[in-house]
Ligand SMILES: Nc1ncnc2c1ncn2[C@@H]1O[C@H](COP(=O)(O)OP(=O)(O)OP(=O)(O)O)[C@@H](O)[C@H]1O
Ligand SMILES: [Mg+2]
């Protein structure tokens with residue numbers, strides 16, 4: 001459903017992506033791993049249309065995305081949970097959730113949708129009126145995910161969802177990814193925690209210096225100490 | 001120096017509040033546009049002046065003040081929309097000085113255009129018959145029109161507050177001032193939001209122009225000093241803070257009108273003294289968030 005071919009991207013003169021090709025199929029969790037500065041975040045941002053200077057091809061359900069503004073990509077069913085969660089300060093949990101529903105006019109009644117998403121995230125349900133930045137890190141990550149998936153996207157891209165979060169909540173979040181896959185959503189997952197990512201993923205790509213250097217089934221990579229050592233050691 | 005009797009004091013307080021109300025409306029738009037678009041809008045005074053001239057033209061045709069009050073914001077809202085779409089938006093991403101210089105130049109063009117069309121001299125502008133004269137409150141006489149200006153501004157501010165707090169577009173405004181990129185990611189066409197915000201700020205400036213016209217008449221230069229003083233108000237209130245704009249606008253209006261009784265020659269200077277005093281104590285302004293400009 002997502003086919004990235006020879007994607008290149010620049011920050012000013014810096015050539016951050018130098019040919020990234022990867023694919024995500026329906027109902028699949030794909031991990032994108034690599035060491036710091038390899039280009040993982042840039043890959044997700046370029047797919048979402050947040051990096052102005054890029055070339056190559058990004059097909060989403062056979063449609064070319066490059067050239068489309070970010071909000072149009074969202075409308076096609078692509079969601080992105082950025083690193084650092086990006087919860088909007090000054091807004092309640094409920095208002096942060098509402099932000100995820102503004103652009104999606106087909107979804108039905110607002111209160112009903114908040115109830116529905118709150119069922120998936122009981123921790124948020126109890127805290128809807130609370131100011132969002134007072135949530136714990138893990139709860140904020142859940143809010144960021146809830147906000148991105150409340151519009152029921154077809155493919156969700158997540159950037160380091162486990163970063164700085166209590167292990168219990170990490171487990172909850174990764175259980176949710178499996179449930180999303182069962183429900184028919186596809187996931188492109190960027191993770192520093194390689195073991196964790198490979199345990200949940202179906203397939204994985206390794207990126208290094210702006211290029212995909214390896215690609216295999218997740219289980220295979222999980223067993224391959226040499227590769228992990230070479231490309232993922234921090 | 002006039003003796004400051006209680007009657008005079010009460011009157012000057014009203015004069016100050018009415019002037020402050022105009023500042024509030026102008027600062028509200030400036031603050032909104034800066035908070036969302038990071039555009040320092042130097043054409044805001046010219047939009048205020050254009051609003052007054054649209055009212056002047058409508059009044060000449062129909063003689064109906066209420067129609068002026070309805071038409072000017074609509075006309076200027078459309079102009080603001082076009083200005084953002086075709087002049088300001090191409091400059092995003094290039095640094096804060098590009099739109100600043102553009103709007104600065106635009107204000108000269110607009111003022112000159114009005115001089116060519118309407119002439120260099122100003123015109124008096126009658127307050128509507130229903131609001132002429134004074135009312136007696138507790139033995140003091142107050143000009144009815146100034147009371148109306150304060151009440152009208154209160155209504156506009158309340159309506160804007162309800163709009164920002166309770167509507168979806170208001171939610172976008174509150175979030176967009178903090179993190180426009182996340183709005184984009186969540187499917188919102190931020191460029192369109194910015195155009196609408198610029199149009200809204202311009203429409204409010206036009207309303208301020210119409211309300212001010214009966215107080216001072218209309219002249220092509222009426223926006224010049226108001227712009228600078230409204231900038232002072234936004235700085236005192238805190239750039240990007242709407243509540244700050246309200247409080248600081250009224251405060252500045254009161255300070256000007258009270259100083260003008262005691263020491264008329266210091267009236268305009270008092271504005272800058274107030275700004276200096278506030279900035280010494282709170283560099284981010286009364287309600288400003290530190291680091292908004294950073
Ligand atoms: N805003 C930016 N301006 C200039 N260069 C950038 C910018 N963001 C990233 N880079 C550079 O682009 C390259 C790829 O960065 P990217 O953030 O995509 O890496 P990453 O794989 O996500 O790393 P991390 O694991 O640290 O999050 C790095 O060399 C980085 O220094
Ligand atoms: Mg990263």
Answer yes or no: is there a residue in segment A:35-45 that is within 13 Å of ligand 1 (Cβ to nearest atom), touching a residue at least 40 places away in the same chain (Cβ under 8 Å), within 14 Å of chain B (Cβ to nearest Cβ) and closer than 30 Å to residue A:121 by Cα.
yes
Residues that are part of a helix (DSSP H, G or I), within 14 Å of chain A (Cβ to nearest Cβ) and surrounded by fewer than 21 Cβ atoms within 10 Å (Cβ to Cβ): does segment B:178-186 have at least one?
yes
I'm told residue A:208 meets every condition in (1) within 15 Å of the chain's Cα centre (by Cα); (2) farther than 28 Å from residue A:153 by Cβ except one. Can you identify the failing condition by its number?
(1)
Residue within segment A:179-187 that is under 17 Å from the mean Cα position of the chain (by Cα), in a strand (DSSP E or B), within 16 Å of ligand 1 (Cβ to nearest atom) and within 24 Å of residue A:43 (Cα to Cα) present:
no
Segment A:205-231 - residue that is part of a helix (DSSP H, G or I) and free of Cβ contacts under 8 Å to residues at least 12 places away in the same chain and, of those, nearest to residue A:37 (Cα to Cα)
A:230
Tell me which residues, restricted to segment A:46-67, are surrounded by fewer than 17 Cβ atoms within 10 Å (Cβ to Cβ) and within 13 Å of chain B (Cβ to nearest Cβ).
A:52, A:53
Boolean, residue B:55 is in contact (Cβ under 8 Å) with a residue 24 or more places away in the chain and farther than 21 Å from residue B:84 by Cα
yes
Can you spot a residue in segment A:121-128 that is surrounded by fewer than 16 Cβ atoms within 10 Å (Cβ to Cβ) and within 14 Å of chain B (Cβ to nearest Cβ)?
no
Given the condition within 16 Å of ligand 2 (Cβ to nearest atom) and within 12 Å of chain B (Cβ to nearest Cβ), answer yes or no: does some residue in segment A:73-80 qualify?
yes
Based on what the data block shows, is residue B:52 within 22 Å of residue B:104 (Cβ to Cβ), touching a strand residue (DSSP E or B) at 6+ places or on another chain (Cβ under 6 Å) and modelled with pLDDT of 95 or more?
yes
Checking the conditions here, which among A:170, A:190, A:234 is within 17 Å of residue A:38 (Cα to Cα) and either modelled with pLDDT of 95 or more or away from ligand 1 (no atom under 14 Å from the Cβ) (or both)?
A:190
Reported set for segment A:1-34 where residues are surrounded by fewer than 16 Cβ atoms within 10 Å (Cβ to Cβ), in a loop (DSSP other than H, G, I, E, B) and near ligand 1 (Cβ under 10 Å from one of its atoms) is A:12, A:13
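When you look at residue B:225, is it within 19 Å of the chain's Cα centre (by Cα) and within 12 Å of another protein chain (Cβ to nearest Cβ), yes or no? Spell out how you get there, then give the answer.
Numbers: within 19 Å of the chain's Cα centre (by Cα): yes; within 12 Å of another protein chain (Cβ to nearest Cβ): no.
The answer is no for residue B:225.
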Within segment A:32-64, residues farther than 23 Å from residue A:12 by Cβ and within 14 Å of ligand 2 (Cβ to nearest atom) come out as A:32, A:33
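Do any helices (runs of 4 or more DSSP H) lying entirely in segment B:1-105 carry at least 3 residues that are closer than 25 Å to residue B:271 by Cβ, and which ones are they? So that I can check it myself, show each step before the final result.
On the way: elements: B:6-37, B:44-62, B:65-83.
By residue number, B:6-37, B:44-62.
The values are calculated or read from the model by the stated rules, or taken from the named source; none is laboratory data. Computed from a predicted model, the values in this text were never measured in an experiment. As a convention, Cβ positions derive from the backbone with ideal geometry for all residues, glycine included, and neighbour counts pool all protein chains shown.
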